[in-house]
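Engineer: Let me begin by handing over the structure; questions about it come next.
Values quoted throughout were computed directly from the atomic coordinates according to the rules given, and no laboratory measurement underlies them. Here the structure is a predicted model, which means the values were calculated and not measured. A quick note on method: Cβ atoms are made from the backbone with ideal geometry, for glycine too, and the neighbour counts reach across all protein chains shown.
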Amino acid sequence: MTQLLETPLHETHVSTGGRMVAFSGWDMPVQYSSILDEAKAVRGSTGIFDVSHMGRVFISRSGAGAFLSSIFSADVTTLRVGRAKYGVTCDENGGIIDDNIAYRLGDNRYLFIPNAGNRDVIAKWLTKWAPTDGSVEIDDATDRLAMIAVQGPTAIATLSKLTDDDLSKIRPFRIVSIDIGGEKVLAARTGYTGEDGFEIMPSTDTVVAIWNSLVDAGATPCGLGSRDVLRLEAGLLLHGNDMDTSVNPYEAGLEKFVDPDRDGYLPGETLRAIRDLGPERKLVPFDMVGRGIPRHGHGITDGDKKIGEVTSGSVSPTLDKNIGLGYLPIGFSAPGTTVYIDVRGRSTKAVVTTLPFYSRRRS
Amino acid sequence: MSYPADLKYTKEHEWVRVESDTVVVIGITTYAAEELGDVVFVELPEVGSEVTSAGQFGEIESVKAVSELYSPVSGTVIERNEQLADTPEVVNDSTYEDGWMIKVELSDSTQLDGLMSSAEYEEFLKTQ
C-alpha cells in the first residue's frame, strides 16, 4: 500500500478529534463529532471543510482559453474574467473522465479544479492535448495552495470576520482575491453542499491559522461524511460513484453543462452523435418508500428483474427520508415510477423523483 | 467510554444485562456505537423468533456503514425495542438504557459463563 497523502491541515484534524480515513489516496477526516451534527451545522449555520485534497491547476498564456475549451465541456473563452463554470472533461468516447470547475482569473489565466482521485489522470490528459509550442503553461499548484470550503447560510458572515472585503457583493460562481491577514487569497463563491458559501485558497503556510480563525468565528469543522450527505441532498454528483468513463454526460443528466457544437472541442463530434441518438439510460433520483437505506452497488429491479444499480444513497437528515441515485433504462426514468432497491436481499420499494432532493431558500 | 460493571460483554461488542436466570437484555457497547457513528437504522428480529449464539440477529446502520448484529446467546426473542424504529439515535445517546435492542429468554442459562466482565472487555478492547 502506498503512503497516504496529507493536507497541510492534517495535524489540525488529528489533534482536534477528526476521525481519519483513506479517501482517493489522501488521509482525510470523515467526521469530527457526528456526521449528522456536521450536516446540520452546514444547513443551519456555517461548516468548514478541508478540500485541499482536490487539485488546483493554473492554465495560462495566450493559448490557455482555446486549449481548455478544447477539452472541457464548456467554452471558457466566452467566460468573463472573475467567473466560473461547472462542466465535465470527456474522453474520445464521450465518457466522463472528471467533473470540474473552471475559473477565469485573467484574459489568459484559468484555474481548473480536478477531483482528488482524478488529479493524475487529468494531469496526463492535459499534457496529452496541450500545445507544445509554448503557448500554454500548465502549473499544478495543489501542493502550494490549500483549500477550505466555508459553507452554510451564515458562511458569508463567518468568513467576513476574517476580512475587510465586502463578500456579500461577490455573486455566486464568481472568484476574486480577498485580503485575509495581509495575504491575497483566492475566494470563489462556489461549493458542493447546496448552501451559500465560499471556497478559499490560502497558501499552505497560512491555512492552519485561517482554519483556526474560522473555528473561533463559530464555524463547525466538518468531514467528508457530511460532505457526501450534503452533496447528495443537493443533487450534486460524485465522480467515481455517479459517473465515470463508462457513462456520458447525457446519461448523467449533465447535458446543460455540455456544448458540443463548437469547433476545436475534441469529443465534440462524438458527443453530438450521442446527443442526437438520445441516451438509453439515465441517472435517476429516487426516494425510498419502504424502510431501508440505499447504498452504492445495491441492485435496482422492476420488482422482478434487475434494471440498474444504485450509484449513491444515503439517509437524508435534512429531509428526514432515504434517498439515492442510480442508472435506469429511460422507460423507468419518469418521476413517479415505482422501482425496487435490493437492500441486502430485501426488495424495498422506491419512487423516482426529480433533482435536487433539497434546495435552499434563497434570499 | 464506560462499561458498566453489572453488564456482560462479547468480542462482537454486544452487552448483556442478566435480568433473571432465564432472561437477558442485549445491546451494543459504547465502543461499537462510537465506531459506527450516528446510528440511523436498526433492523431487529420479530418477537417469538429464535436467535442462536454467534448467529446474526439483525443489522445496524450508521450514516456511512452497515454492521451485522450477532447474538451473544441462544434463545427466543420475547421483546424488542420498538422505539429504535423511529429514534435509532438512542443507541448513541443512551447506549446501555434506552438503546437496548432485544430481550431473550435463554434456552440454557449456563451459556452466560463464556461472556466477559467489564474489566475483561476493557482489556480486550486494548487489543483492538
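Engineer: With r as the distance between the Cβ atoms of A:Asp91 and A:Asp179 and R0 = 35 Å, compute the FRET efficiency 1/(1 + (r/R0)^6) and round to 0.05. Kindly include the intermediate steps, with their values, before the conclusion.
Structural biologist: Values: r = 41 Å, r/R0 = 1.16.
About 0.30, to the nearest 0.05.
Engineer: Let me ask something else. Check which residues have an amide H placed less than 5 Å from B:Trp15's amide H, if you skip close sequence neighbours.
Structural biologist: Those qualifying (amide H under 5 Å, at least 5 residues apart or on another chain) are B:Gly27, B:Ile28, B:Thr29.
Engineer: May I pose another question? Longer than 23 Å from Cα to Cα, which of A:Lys282/A:Lys305; A:Lys40/B:Lys103; B:Lys8/B:Lys126; A:Lys85/A:Lys321; A:Lys40/B:Lys126; A:Lys40/A:Lys321 are they? Say none if no pair is. Please list the in-between numbers first.
Structural biologist: Details: A:Lys282/A:Lys305 18 Å; A:Lys40/B:Lys103 34 Å; B:Lys8/B:Lys126 17 Å; A:Lys85/A:Lys321 31 Å; A:Lys40/B:Lys126 34 Å; A:Lys40/A:Lys321 15 Å.
Pairs exceeding the cut-off: A:Lys40/B:Lys103; A:Lys85/A:Lys321; A:Lys40/B:Lys126.
Engineer: Within the stretch B:34-52, what residues put their amide N at less than 18 Å from the label point 7 Å along the Cα-to-Cβ vector of B:Phe124?
Structural biologist: In the stretch B:34-52, the label zone of B:Phe124 (backbone N under 18 Å from the point 7 Å along Cα→Cβ) covers B:34-36, B:52.
Engineer: Compute a Gaussian network model of chain A, connecting alpha carbons closer than 10 Å, and tell me which residue from A:Lys305, A:Lys161, A:Lys321 fluctuates the most.
Structural biologist: A:Lys305
Engineer: Continuing with the same structure: Once the dipole of the stretch A:57-140 is set up with Lys and Arg at +1 and Asp and Glu at -1 on Cβ about the Cα centre, which of A:Thr127, A:Ala66, A:Ala116 lies farthest towards its positive end?
Structural biologist: About the Cα centre, the residue reaching furthest to the positive side is A:Ala66.
Engineer: Right, another one. Can you pull the one-decimal nm distance between simple spin-label points at A:Phe257 and A:Asp120, each 7 Å off the Cα toward Cβ?
Structural biologist: 2.4
Engineer: Oh, and also: Given the rule -39500 (n - 2.57) for each run of at least 4 DSSP H residues, summed and divided by the residues of chain A, what is its mean residue ellipticity at 222 nm, to the nearest 500 deg cm²/dmol?
Structural biologist: Numbers: 8 runs with 71 residues, N = 363.
Here the helix-only value at 222 nm equals -5500 deg cm²/dmol.
Engineer: In peptide B:60-69, what is the residue-averaged number of other protein chain Cβ atoms found within 10 Å of each Cβ? Write down the numbers at each step before the final one.
Structural biologist: On the way: counts 0, 6, 7, 15, 12, 2, 4, 0, 1, 0.
Mean partner shielding for this stretch: 5.
Engineer: Another question, if that's okay. Work out from phi, with θ = phi - 60° and the Karplus expression 6.51 cos²θ - 1.76 cosθ + 1.60, the ³J(HN,Hα) of each residue of the stretch A:74-80, listed in order in whole Hz, and give x for Gly and Pro.
Structural biologist: Running phi through 6.51 cos²θ - 1.76 cosθ + 1.60 with θ = phi - 60° gives 10, 7, 8, 6, 8, 6, 6 Hz.
Engineer: Given the options B:Lys64, B:Lys11, B:Lys103, state which has the largest fluctuation in a GNM of chain B using a 10 Å cut-off (strictly under) for Cα springs.
Structural biologist: Looking only at B:Lys64, B:Lys11, B:Lys103, the biggest GNM fluctuation is shown by B:Lys64.
Engineer: Exactly which trypsin sites (Lys or Arg not before Pro) in the stretch A:1-100 are in a DSSP loop and have at most 14 other Cβ atoms within 10 Å? If you can, show how the numbers build up before the last one.
Structural biologist: Working: sites: A:Arg19, A:Lys40, A:Arg43, A:Arg56, A:Arg61, A:Arg80, A:Arg83, A:Lys85; in loops: A:Arg56, A:Arg61, A:Arg80.
Taking the stretch A:1-100 and a limit of 14 other Cβ atoms within 10 Å, the loop trypsin sites (Lys or Arg not before Pro) found are A:Arg80.
Engineer: Dipole of the protein assembly as shown, Cα-centred, from +1 at each Lys and Arg C-beta and -1 at each Asp and Glu C-beta, to the nearest 20 debye? Working shown, then result.
Structural biologist: Numbers: 46 positive and 73 negative charges, 444 e Å.
Computed charge dipole of the protein assembly as shown: roughly 2140 debye.
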